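J.: Below is the structure I would like to discuss, written out as structure tokens.
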Amino acid sequence: MAAETVSSTDGPAEWVSGLVRRTAFTVRVALSRRDGRVTLGVVGVVYFLLYAVGLGHLGRQGGAAARDGGAEPVVDAFLVSDPLATATRRVAPFQYEPVALVTVGPIEYLFAPVNAALGVALAALVGVTLAVSVVAWRGPSACRIGAGAGVVAGLPGLVSGFVCCGPTILLVIGVQASAGVLAALQWLLPVAVASLLVTLVWVGSRVDPEAIR
């Protein structure tokens, strides 16, 4: 399947539509590779855990009891009496009440369905963006570098790949993937989602899917 192209002569709507189609195609190709899937899985899980910790929904409980004097972990769960009403009760911007408490040994997790869904969506966006970037970084020929980058094109392949996708990795790790900050400042959530989507489209438009197959 040939990679989709975006013509600069198209109108704004066609240009945006072409970018989205190309990004979707690039994501599919990146996730068809093992390193892309591993990156998505690892980054997604780590991001979600950091997000939960930032919300205060995941952490150590004080004075955790253990069965047989601490020989084995204690697994316990508690569910509120009206989970549906509680789950939709907002306590802060883009933050909702937990409906269950799950305890495993000294670790406890407060499960809030809406917050968990938001965390999974953010984790997926960060993971997919980094998966595409890492796959392209490992194959520098996949990076589409502008005509003004003639000097860079002469550098070793690794440097060339980092120039193309490295800033995206740093951006995602240093800004959007600051899950604790995002959890503390919930009103930044729409900005984070928008920036992640823009970043993903930007990465997708700079990577040649045929070169990372």
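J.: Give D68, D82 a once-over and let me know the one that is more than 28 Å from the chain's Cα centre (by Cα) and modelled with pLDDT under 90.
T.: D68
J.: Give R144, R213 a once-over and let me know the one that is out of contact with any Asp or Glu (no Cβ under 9 Å at 6 or more places or on another chain), at pLDDT below 85 and of a type in the set (K, R).
T.: Result: R213 is the single residue among R144, R213 that is out of contact with any Asp or Glu (no Cβ under 9 Å at 6 or more places or on another chain), at pLDDT below 85 and of a type in the set (K, R).
The values are calculated or read from the model by the stated rules, or taken from the named source; none is laboratory data. Model, not experiment: these values are computed from the prediction. Virtual Cβ from ideal backbone geometry, glycine too; neighbours counted across all protein chains shown.
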